[in-house]
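Notes follow the structure.
The values are calculated or read from the model by the stated rules, or taken from the named source; none is laboratory data. Note that the structure is predicted; figures quoted are calculated from it, not measured. FYI the Cβ positions are ideal-geometry reconstructions off the backbone, even for glycines, and counts take in every protein chain you see. For the accessible areas, the whole protein counts, side chains as well, though only heavy atoms, and no ligand, DNA or RNA atoms are used. Shrake-Rupley method; radii C 1.70, N 1.55, O 1.52, S 1.80 Å.
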Amino acid sequence: QVQLVESGGGLVQAGGSLRLSCAASGRSASTYNMGWFRQAPGKEREFVAGITGNGSTYYRTSVKGRFTISRDNAKNTAYLQMNNLKPEDTAVYYCAAAMTPSTVPAAYDYWGQGTQVTVYS
């Protein structure tokens, strides 16, 4: 069992930055592949970024060059640095853990409660 707790969301003006954190606890938490997803009102949950246990990263096209995913295995924490935020980035952001790397929500076994990110123009 792995527990995930996100933090760092908030209200930010377009062009600004936020850093989300995802603290993991539980058995072998540092060995999981981690992902960030987001869900806007009335839309499906979508993949944002992922990082494998050895640090390989992958992103959805619309956030490449603006968002950076990282992890600190000593702290069992994953991060999502979001720069040059746009109003269309507004959503609830979730972190998730999976045994294998994936961009599909169904592949993830554990989820955090989500943190709201709101970008205004």
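Some observations on this one:
- When 118, 31 are compared by accessible surface with a 1.4 Å probe, the order from highest to lowest is 31, 118.
- Set of aspartates and glutamates near residue 43 by C-alpha distance (under 18 Å), chain-local residues within fewer than 8 positions excluded: 88, 89
- Model label zone, residue 113; criterion: amide N under 20 Å from point 7 Å along Cα-to-beta-carbon; scope segment 5-22: 5-11, 19-22
- Karplus-based coupling profile of segment 41-47, in residue order and whole Hz: x, x, 10, 6, 5, 10, 5, with θ = phi - 60° in 6.51 cos²θ - 1.76 cosθ + 1.60 and x standing for Gly or Pro.
- Pairs of alpha carbons in the chain whose separation is greater than 23 Å (percent): 21
- Solvent exposure ordering (accessible area, 1.4 Å, most first) of 109, 72: 109, 72
- Amide N proximity, segment 4-34 versus residue 83 label position 7 Å along Cα-to-Cβ, cut-off under 12 Å: 16-18
- Debye log10 I(q)/I(0) at q = 0.19, 0.21, 0.22, 0.27 Å⁻¹ for segment 51-121, Cα point scatterers: -0.90, -1.10, -1.19, -1.53
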